[in-house]
Amino acid sequence: MRDQLEGSRAIARAVAACRPEVISAYPISPQTHIVEALSDLVRTGELAPCEYLPVESEFAAMSAAIGASAAGARAYTATASQGLLYMAEALFNASGLGLPIVMTLANRALGAPINIWNDHSDSMSLRDSGWIQLYAESNQAAIDLHLQAFKLAEELSLPVMVCVDGYVLTHAVEPLELPAQEQVDGFLPRYEPRQVLDPDAPVTIGAMVGPEAFTEVRYLAHAKQMHALDLVPEIASEFAGAFGRPSGGLLRRYRTAEADTIVVALGSVLGTIADVVDELRDEGARIGALGITCFRPFPLEEIREALRHAERVVLVERAFAVGMGGIVGQNVRLALQGQPTVVYDVVAGLGGRAVTTRSLRRLFADVLEGRLEPNRLHFLDMDWKLVERELHRLQERRRSGPHAENILRDVGVIAGRSH
Amino acid sequence: MAHRPVKFFQVGSFAAGNRLLEEAERSVQSDRERANALTKGHRACQGCGEALGARYVLDAALRVTGGKLIAANATGCLEVFSTPYPESSWQLPWLHSLFGNAPAVASGIAAALRAKGRTDVRVIGQGATAARSTSASPACRGCSSAATTCSTSATTTRRT
Ligand code: SF4
């Protein structure tokens, strides 16, 4: 059914169609509209049977989801940014216990400085929490990935995080194809837990494991994620058969045939990148894009294959590791081991800074014409003057003051003289 | 419960018990009706108050729920001594998640049971975060658990 609605509401409808039995959530921008819509569907009885728990924190949200999932219910939650960090301890617990919880992450920057806008710092900071991570390029992809996420999580008995760019997607209103309930029921079978708290057949879930078996139990989590590398494409093709549109999978290639330059990115920025690729292709450049839909498990072989013929790979990253550099870049380099490919790491769109076609055109032109130094960390649209002024202040005086305030004075957001 | 002196009776296996005594002389330990939620063989210190406390609470809860009970345990001695791989002392469905989230985990279990219409099953959760030990803690002397988190005293039952 085609409808024009906000991304968050569409995600809520898709999640509801998956018939979650327990939803526990704490609101945080830009995730709020998703859980608000779901709580409404539970209140009106449109989503039933389902228990909605308005818990006191994100830590409690994930904890309640853990309890619900272990008791055999299909469990769902959603969060963003600081909320994800607040549930960090429970994230590792959910994956370690092998509980197939599905969570929407409305991607948002991490403080400090506090910032509510979109980037991937939150999901990237917990990329190794044992959760499968899927990244949505568009709101349609977000809808479709949620249906696939429940199936994937439950087949593997592992939790899945569906990462959706905050505001850019969650708050965008557009025409979307919403799945019919019968279609979803046909695609997603009833949840059959591998382990369940049942008084008629008692089990001990979450027992202590010492050195004699800890490695083996941890390895099993890895083995399940490796199995996901086969399952993700299988579920995607099953989805295409059931819903008549391609969606999901490990990677998405965009005009990579005979491309000597391939831009690699995750999430909604791929739409803008595709527009620039089209323009440059029209002008004769052999450029394409590769979207990583499944970042955990990391599809090493598939990425190696997709980039095999590229001479240059440009990473456009929405987060970075302070003191190290690009995060996706480190992973992609592993896939390119032994290849002569030249890699460019570019951090873009932090804290909601718009990644425009104009900036990307300039960036790709710099790459194609050899003006960008490879293997160094670059920042798209960085205001170096601002940075240098602050670095200068640091040298000038001991009590140089807070960076954020100084810089806001420099850009004129705050009136008055900087220190 | 009326006071009853404990009378042990040594059996051939050298286990001490009083199940062979006359019904009227038996202590609560050998009561035929004892649920024994936390069975023998665990690794608590001798005379551990937490083990006893947990078992009494769980036995009572199992009795009133007719055995339809699920436990949510916090990290701590009780979880450690009762479950090291590959043994479990738990005779009822049991979940251990983290140090500070047992009440929230229990709420999740209860919500799942409500959604599934299992009104016959109850959840018992351990209130770990609310029970940080103080100097007036009733923990046994030298109890290492008391230095971190002792939680038996805050055990509560939740209706589903
Ligand atoms: S340290 Fe205390 S709570 Fe822990 S097992 Fe020993 S007596 Fe029991």
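The values are calculated or read from the model by the stated rules, or taken from the named source; none is laboratory data. Nothing here was measured: the structure is a model prediction, and the numbers come from that model. Counting neighbours? That spans all protein chains shown, and the Cβs are built from the backbone with ideal geometry, glycine included.
General remarks:
- Of the residues in segment A:1-19, none is of a type in the set (A, V, I, L, M, F, W, C) and within 11 Å of chain B (Cβ to nearest Cβ).
- Test result for B:V105, within 30 Å of A:F92 (Cβ to Cβ), surrounded by fewer than 24 Cβ atoms within 10 Å (Cβ to Cβ), at pLDDT 90 or above and at the interface with chain A (Cβ under 9 Å from one of its Cβ atoms): no
- Failed item, numbered, when A:H392 is tested on (1) surrounded by 15 or more Cβ atoms within 10 Å (Cβ to Cβ); (2) more than 21 Å from A:G111 (Cα to Cα): (1)
- Within segment A:70-110, being within 14 Å of chain B (Cβ to nearest Cβ) and among the small types (G, A, S) holds for A:A70, A:A71, A:G72, A:A73, A:A75, A:A88, A:A90, A:A94, A:S95, A:G96, A:G98.
Each row is one residue, and each column tells you yes or no for (1) at the interface with chain A (Cβ under 7 Å from one of its Cβ atoms); (2) more than 14 Å from the ligand (Cβ to nearest atom); (3) closer than 22 Å to A:A94 by Cβ; (4) in contact with a strand residue (DSSP E or B) (Cβ under 6 Å, 6 or more places away or on another chain).
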site	(1), (2), (3), (4)
B:A37	no, yes, no, no
B:A44	no, no, no, no
B:G49	no, no, no, no
B:R55	no, no, no, yes
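- Filter result (modelled with pLDDT of 90 or more and either more than 13 Å from every other protein chain (Cβ to nearest Cβ) or within 13 Å of the ligand (Cβ to nearest atom) (or both)) within segment B:84-93: B:S89
- A Cβ distance below 8 Å, combined with a sequence gap of six or more or placement on separate chains, defines the contacts here; from segment A:213-225, residues that are without any contact (Cβ under 8 Å) to a residue 40 or more places away in the chain reach residues that are hydroxyl-bearing (S, T, Y) in the pairs A:A213/B:Y85.
- For segment A:311-327, the criterion of being free of Cβ contacts under 8 Å to residues at least 60 places away in the same chain, on the phi > 0 side of the Ramachandran plot and part of a strand (DSSP E or B) is met by at least one residue.
- Residue match in segment B:68-76 (condition: more than 15 Å from the ligand (Cβ to nearest atom), surrounded by fewer than 23 Cβ atoms within 10 Å (Cβ to Cβ), touching a residue at least 12 places away in the same chain (Cβ under 8 Å) and assigned to a loop (DSSP other than H, G, I, E, B)): yes
Results for (1) more than 18 Å from A:A228 (Cβ to Cβ); (2) among the charged types (D, E, K, R), shown as yes or no for each residue.
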site	(1), (2)
A:L84	yes, no
A:L99	no, no
A:I114	yes, no
A:D122	yes, yes
A:W131	no, no
A:Q148	no, no
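- Matching strands (runs of 3 or more DSSP E) fully within segment A:196-302 where at least 1 residues are charged (D, E, K, R) and over 19 Å from A:F92 (Cα atoms): A:251-254
- Verdict on A:D128 being out of contact with any Leu (no Cβ under 8 Å at 6 or more places or on another chain) and either farther than 15 Å from A:R296 by Cα or surrounded by 24 or more Cβ atoms within 10 Å (Cβ to Cβ) (or both): no
- Of the residues A:R376, A:R398, the single one that is modelled with pLDDT under 95, exposed (fewer than 15 other Cβ atoms within 10 Å of the Cβ) and not aliphatic (A, V, I, L, M) is A:R376.
- Applying the criterion of being in contact (Cβ under 8 Å) with a residue 24 or more places away in the chain, touching a strand residue (DSSP E or B) at 6+ places or on another chain (Cβ under 7 Å) and of a type in the set (G, A, S) to the residues of segment B:94-108, the residue that is farthest from the ligand (Cβ to nearest atom) is B:S107.
- Breaking point among (1) away from the ligand (no atom under 16 Å from the Cβ); (2) more than 7 Å from chain A (Cβ to nearest Cβ); (3) at pLDDT below 95; (4) under 18 Å from the mean Cα position of the chain (by Cα), for B:A139: (1)
- Residue satisfying all of: in segment A:82-112; touching a Gly at 6+ places or on another chain (Cβ under 8 Å) and more than 26 Å from A:L156 (Cα to Cα); surrounded by the most Cβ atoms within 10 Å (Cβ to Cβ) among these: A:R108
- Inclusion of A:V277 among residues that are in contact (Cβ under 8 Å) with a residue 60 or more places away in the chain, surrounded by 23 or more Cβ atoms within 10 Å (Cβ to Cβ) and of a type in the set (A, V, I, L, M, F, W, C) is not warranted.
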